[in-house]
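> Structure below; questions to follow.
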Amino acid sequence: MAKTPDSRLGKAQPPDASEEELRSLLRARKAKRLRDARCEMLDTVDRLRFEGRKAELGEALRELGELERRLPDTDAPRRHYEESVAVLRDAGDTLKLAHSIRHLGDVHYDAGRVDLAEPCYHEALSIYRGNSDARPLDLANAIRSLAVLKADAGEIEDANRLWREAYHLYVEVNVLTGVTESAIRIALLARTQGDSEKAREWARRGSVAADASGDGERVRQIREIRASIDG
């Protein structure tokens with residue numbers, strides 16, 4: 001018996017999707033996953049609110065805010081973080097409170113509300129510094145946020161001091177992305193102050209950390225920054 005031809009052989013293949021179409025499709029899929037996760041988290045928040053579980057509610061609201069920040073065109077993250085702060089302040093869980101306050105500061109800063117962001121960072125740092133159970137990484141991340149704000153405001157000395165503290169904390173916990181960023185930020189501040197020797201030394205430290213991380217994109221960025229400093 002003759003073999004039946006495979007109908008797929010003669011079937012016209014669809015044209016290859018363009019790179020932009022593929023990126024658009026991936027973005028749509030990611031957005032759908034985020035929206036699905038958001039719906040699940042909203043259900044969790046409602047349940048915890050009904051059950052009166054304040055500490056868990058405060059954390060869930062913060063996680064909901066983090067999800068909302070990854071979705072476009074919404075002011076919901078600020079509202080969720082503000083409620084998280086209020087709930088956790090009432091619950092008395094200071095470390096979780098500090099975490100939510102820092103994220104609220106980030107939301108304010110990203111929206112250009114620097115006058116509201118800075119007090120958040122200072123309060124979060126005060127809590128972390130005053131609690132022996134605070135994780136060094138949480139402290140480092142809070143310092144980082146304030147350092148970015150200070151540098152952007154032109155307060156170079158404060159920014160430099162904060163970035164150095166963050167650098168040593170990131171080294172302590174072996175978070176190479178934090179080590180790399182801190183070193184490069186210090187290098188760029190040194191260049192701003194006209195200290196080429198210090199700029200090159202800190203850029204070298206950042207380059208070593210980037211190489212150790214194995215992040216090719218970060219390595220490329222560091223090489224460009226080092227070239228601009230050396231140039």
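> Give the residue, chosen from Arg220, Arg129, Arg144, that is surrounded by fewer than 18 Cβ atoms within 10 Å (Cβ to Cβ) and closer than 25 Å to Arg89 by Cα.
None of the others qualify; the one that does is Arg129.
> Still on this structure: Quick test for you: out of Ala98, Ala151, Ala187, pick the one residue that is surrounded by fewer than 23 Cβ atoms within 10 Å (Cβ to Cβ) and not β-branched (Val, Ile, Thr).
Selected residue: Ala151, the only one of Ala98, Ala151, Ala187 that is surrounded by fewer than 23 Cβ atoms within 10 Å (Cβ to Cβ) and not β-branched (Val, Ile, Thr).
> Looking only at the stretch 108-126, which residues are touching a His at 6+ places or on another chain (Cβ under 9 Å) and hydrophobic (A, V, I, L, M, F, W, C)?
Val114, Leu116, Ala117, Cys120, Ala124
> Of Val107, Val148, Val175, which residue is out of contact with any Phe, Trp or Tyr (no Cβ under 9 Å at 6 or more places or on another chain) and either farther than 26 Å from Val85 by Cα or not small (Gly, Ala, Ser) (or both)?
When all the criteria are applied, what remains is Val175.
> Follow-up question, since we're still on this one. Quick check on this structure: which one of Leu34, Leu139, Leu88 is of a type in the set (A, V, I, L, M, F, W, C) and surrounded by fewer than 18 Cβ atoms within 10 Å (Cβ to Cβ)?
One residue alone meets the criteria, Leu34.
> Hey, among the residues in the stretch 189-210 that are within 15 Å of Arg161 (Cβ to Cβ) and part of a helix (DSSP H, G or I), which one's farthest from the chain's Cα centre (by Cα)?
Top of the filtered list is Lys198.
> Being among the polar types (S, T, N, Q), over 16 Å from His168 (Cβ atoms) and surrounded by 15 or more Cβ atoms within 10 Å (Cβ to Cβ) narrows it down to one of Ser196, Ser228, Ser182, Ser207, so name that one.
Ser207
> Next question, about the same structure. Does Asp138 qualify as being modelled with pLDDT under 95, within 17 Å of the chain's Cα centre (by Cα) and not hydrophobic (A, V, I, L, M, F, W, C)?
In short, no.
> Among the residues of the stretch 56-75, what is the count of those that are exposed (fewer than 15 other Cβ atoms within 10 Å of the Cβ) and of a type in the set (Gly, Ala, Ser)?
Residues in the stretch 56-75 being exposed (fewer than 15 other Cβ atoms within 10 Å of the Cβ) and of a type in the set (Gly, Ala, Ser): 0 in total.
> Condition first: closer than 20 Å to Arg144 by Cα, at pLDDT below 90 and among the basic types (Lys, Arg). Now tell me which residues in the stretch 168-226 satisfy that.
Arg218
> Same structure, new question: Which residues, counting only those in the stretch 129-156, are charged (D, E, K, R) and either assigned to a helix (DSSP H, G or I) or touching a Pro at 6+ places or on another chain (Cβ under 6 Å) (or both)?
The answer is Arg129, Asp138, Arg144, Lys150, Asp152.
> Does the stretch 81-112 hold any residues that are at pLDDT 95 or above and among the basic types (Lys, Arg), and which are they?
Arg102
> When you check Leu139 against the structure, is it aliphatic (A, V, I, L, M) and without any contact (Cβ under 8 Å) to a residue 40 or more places away in the chain, yes or no?
Criteria met by Leu139.
> Specify the residue that is surrounded by the most Cβ atoms within 10 Å (Cβ to Cβ); the eligible residues are those in the stretch 111-122 that are out of contact with any Lys or Arg (no Cβ under 8 Å at 6 or more places or on another chain) and part of a helix (DSSP H, G or I).
Ala117
The values are calculated or read from the model by the stated rules, or taken from the named source; none is laboratory data. On a predicted model such as this, the values are computed, not experimentally measured, just so you know. Note that each Cβ is placed from the backbone with ideal geometry, even for glycine, and that neighbours are counted across all protein chains shown.
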